[in-house]
Amino acid sequence: MMPTTARKRASTPRSKNGCVTCKIRRLKCGEEKPSCLRCIKSGWHCDGYEHVPKMPSAGAMGLAPIRSRSLSMSPSTSPTPSQSTPFAVPHLDDQEAAYFQIFFKDVAPQFQDYLLFWDYAMKESKSSYSIRHGLVALGALSKSAKRSPSNHYRVDLTQGTHRETALEQYQKALQSLRESIGGADQSHTVRTTLISCLILFCFENFLGHGGFSLQHITWARHILSTSVPPKTHPSSAIEGGEGEDIVMSGFYLMDLQALCLLGADETRTYFKFDQRNPIVPVPLPAKILTLDEAKTARNILVWNGYRTAYQTDFYQYGPKEAIPSSAVEMRDYFVRQIYSLHEQIDLLLLENKRDLHLHPLSRPEAIKVYTTTLLIRLAMSLQAPQTTSDVLLTEFEYLLLMARRALEYEAEGCQLIQEGEVYCVEIRTLNILHLVATRCREPSIRRQAIALLLAVHRRESMYDSILAGKVGQWMMEIEEEGVDENGDIPEHARVWGECVDLELHQRKAKVKCRQNVLGGGWIWRETQISW
């Protein structure tokens, strides 16, 4: 949600017989059948004219909590209502309480990187109207979609009561957030505003409204830049910190996701970490004896490495002489640490057998995925030559292999994924394939990544496979215009620094990137992408 100036809205007549979507959004409906023109022109899914009466109590609906399903393809059974313990949340009716419970029992566990954040959001929901109803909205939205054993949702299949309730609850949360904006100058208010923004960010991602989800992140960043920020110690996300630490860590992870997917230009703002908690490099153990030890070392390295990449990203777009030597030294330090960690992990993997029953990204050989993506981003940061990617072919091949295995595993025996667009709340493969499609210049590897992105329409958190695939394909086509006589792409023909500007009401984006020119400097290249 972008900062706006408060204004009085003109009163407009609304039809009692309008479609469900227009009634919930309090808009005048033209009542065209089967879908109204207002929804079509705005890019919204029109939920039609079948108005469902008020829902009965939670018990009568059978809204029992659903046990979190693992990434294995074996579906689990759902407990009966008597097996569950409802959350005691004030100011919710039976229907809302049931959806609230569904979110925490079924959906929240799927956000593997945000578990502490959701626990804290539940505590804050007792005193925050916008947080409380935002969580109810997410629970209701999850019930409106068909779900596979591998936690993929078909958002557009199931319509009716659950979806209508989700939109109503979202509207309540959004209105409450708007009303509280004027008081966002105290630590507690800043914290609850951030939590609300992040919840609404997740809701819009679920629906596939990337432009609106980005607005909520942008607004959260605006709040942080114009208010006294709460204290933050990002390492608490690893150690189990409380309060502001958890909230700020949750915001940082979501803003980092937006940065990696959509890129940046010179006008982008960045969240500034509390300078009282600077990045302190943590040396790797001299000898790592187990894979669990390797995971612990990896998690700390990934956290500090991505924090470094985030805090120095703006140097990518300014004069090179403005980049401090300390930033380059820190980048190179983390690159060396990653290579050292990978050497120790490779030795440990020699002693482990592959368990084909596990999801490929849960197997031991996938332990290097996070650090490999970080390695590529760091190595190509701070205006490093784009030809740096040519020495990282082993890393690109590894990421492509891991992504392919994961996609094949999830698609096997799952008709839902083959039927149309699906959504997953956590990021699994699309960030990997997007990185390969936009950074790797080896033709075969790059084309395979793009093909996988475009083969099936998948969404993971904010990532959209079709958008990512088309951006990668466009960048590849630009670069291949300048292929030399050896079939290579010289430095002066390479593109970098892509920036994606999403439209709000339609799945369209303006995409820009910088292309190097012979003799130094760069020029803008630009296109429009729809999907």
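The values are calculated or read from the model by the stated rules, or taken from the named source; none is laboratory data. The structure presented is a predicted model; accordingly, all values stated were derived computationally and were not measured. Note: ideal-geometry Cβ built from the backbone for every residue, glycine included; neighbour counts use all protein chains shown. When the accessible area is computed, the model is the full protein with side chains, heavy atoms only, and any ligands, DNA or RNA have been set aside. Shrake-Rupley method; radii C 1.70, N 1.55, O 1.52, S 1.80 Å.
Summary of computed values
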read-out: Estimated FRET transfer efficiency (Phe314, Gln112; beta-carbon r; R0 41 Å; 0.05); value: 0.90
read-out: Gyration tensor over alpha-carbon atoms, the range 373-531, equivalent ellipsoid semi-axes in Å; value: 27, 19, 13
read-out: Distance between modelled label sites at Leu289 and Tyr270, nm, 7 Å Cα→Cβ extension; value: 4.0
read-out: Additional length obtainable on full extension of the chain from Lys123 to Ala384, 0.36 nm per residue less Cα span; value: 89.5 nm
read-out: Additional length obtainable on full extension of the chain from Lys28 to Ser225, 0.36 nm per residue less Cα span; value: 67.2 nm
read-out: Under the Debye formula (equal points on every Cα, no solvent term), log10 I(q)/I(0) of the range 122-177 at q = 0.18, 0.22, 0.31 Å⁻¹; value: -0.61, -0.78, -1.08
read-out: Burial ranking of peptide ranges 476-487, 456-467 (average Cβ count within 10 Å, highest at the top); value: 456-467, 476-487
read-out: Accessible surface of the range 273-396, 1.4 Å probe, proportion on carbon and sulfur as whole %; value: 57
read-out: Portion, in percent, of the accessible area of the range 474-518 that falls on carbon or sulfur, probe 1.4 Å; value: 45
read-out: Kirkwood Rh (inverse of mean 1/r, distinct Cα pairs), the range 283-429, angstrom; value: 17.2
read-out: Accessible area (Å², per residue) of the range 433-509, counting only protein heavy atoms and a probe of 1.4 Å; value: 36
read-out: Label-to-label distance, nm, for residues given as His492 and Tyr339 (7 Å Cα→Cβ offset); value: 3.0
read-out: Set of aspartates and glutamates with alpha-carbon distance to Lys508 below 15 Å, sequence-local pairs under 8 removed; value: Asp464, Glu526
read-out: Spacing of the two label points (7 Å from each Cα toward its C-beta) at Leu401 and Val483, in nm; value: 2.6
read-out: Shape parameters for the range 372-446, alpha-carbon atoms, Rg then Dmax in Å; value: 14.4, 45
read-out: Extension reserve of the Val280-Ile523 stretch, reckoned as 0.36 nm per residue once the Cα distance is removed; value: 83.7 nm
